[in-house]
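The values are calculated or read from the model by the stated rules, or taken from the named source; none is laboratory data. Owing to the predicted nature of the structure, the values given are computational and were not obtained by experimental measurement. In this analysis, Cβ positions are derived from the backbone assuming ideal geometry, glycine residues included, and neighbour counts consider all displayed protein chains. Just the protein is used for accessible areas: all its heavy atoms, side chains included, with ligands, DNA and RNA removed. Shrake-Rupley method; radii C 1.70, N 1.55, O 1.52, S 1.80 Å.
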Amino acid sequence: MRPDHSGWRTRGYLPHYDAAGEIQHIVFRLADSLPAAVLARVDVAPGPDRAEAAEAALDAGLGSRALANPAVAEIIRDGLLYFDSTRYRLLAWCVMPAHVHVLVQQAPGWRLEAVVQGWKSVSARRANLLLGRTGPFWAREYFDRAMRSEQQTETTAAYIIANPVKAGLCKTPEAWPWSSATPG
């Protein structure tokens, strides 16, 4: 645990924001979910269109789609829920076939980078073992966006739980077994 929250930081890739109590929308994806040709198209999209282009490509479920395997999705779900209410507070989450959405409020003393690294490292080891494979499971980076208002938080939560419907994976959010919309 590193108690210092650093505000803005970057490792030369995507910028990240870290602050205790901050509500963040986090997206992390499988290592093979955006092939080089798709990434090239996303990279040339104009500013606001870039996020939409990336999301559309992720919803297409390219690559191995390892998260569509119910046993792998269960590993991810269990990892997200494990430290809920201690290291963070989950507000909404959804495991898609090629990526994961999480709306989370950061707890003091638990840096965003450490929380995401925890989700990714444990689940990668378990999923690779289950699938009988080795090598990178998750893409190195993740996307995070700080929520600026209660309305943005509510809109983002609704977007996350509706993502499987938008991607054509089910008819209602409650029908998708790997999200916070599922009863139980």
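Considering the stretch 162-184 alone, what residues qualify as being in contact (Cβ under 8 Å) with a residue 60 or more places away in the chain and open to solvent by 70 Å² or more (accessible area, probe 1.4 Å)? Working first, answer last.
Our first condition is that a residue be in contact (Cβ under 8 Å) with a residue 60 or more places away in the chain; within the stretch 162-184, this holds for 163-164, 166-167, 169, 176-181.
Of everything in the stretch 162-184, just one residue is in contact (Cβ under 8 Å) with a residue 60 or more places away in the chain and open to solvent by 70 Å² or more (accessible area, probe 1.4 Å), namely K166.
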Breaking point among (1) over 17 Å from R65 (Cβ atoms); (2) outside any loop (DSSP other than H, G, I, E, B), for T134
(2)
Output the number of residues of the stretch 63-105 satisfying the condition of being of a type outside the set (D, E, K, R) and part of a helix (DSSP H, G or I).
13
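Suppose we filter A60, A92, A19 for residues that are modelled with pLDDT of 65 or more, farther than 18 Å from I161 by Cα and either surrounded by 14 or more Cβ atoms within 10 Å (Cβ to Cβ) or in contact with an Asp or Glu (Cβ under 7 Å, 6 or more places away or on another chain) (or both); which single one remains? If you could, list the steps in order and put the result at the bottom.
Values: A60 fails: farther than 18 Å from I161 by Cα; A92 fails: farther than 18 Å from I161 by Cα.
Testing whether each residue is modelled with pLDDT of 65 or more, farther than 18 Å from I161 by Cα and either surrounded by 14 or more Cβ atoms within 10 Å (Cβ to Cβ) or in contact with an Asp or Glu (Cβ under 7 Å, 6 or more places away or on another chain) (or both) leaves just A19.
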Some residue of the stretch 106-129 being aromatic (F, W, Y), within 16 Å of the chain's Cα centre (by Cα) and not in a helix (DSSP H, G or I)
no
Residues of the stretch 116-161 being under 14 Å from A92 (Cα atoms), polar (S, T, N, Q) and open to solvent by 70 Å² or more (accessible area, probe 1.4 Å), in sequence order, are T155
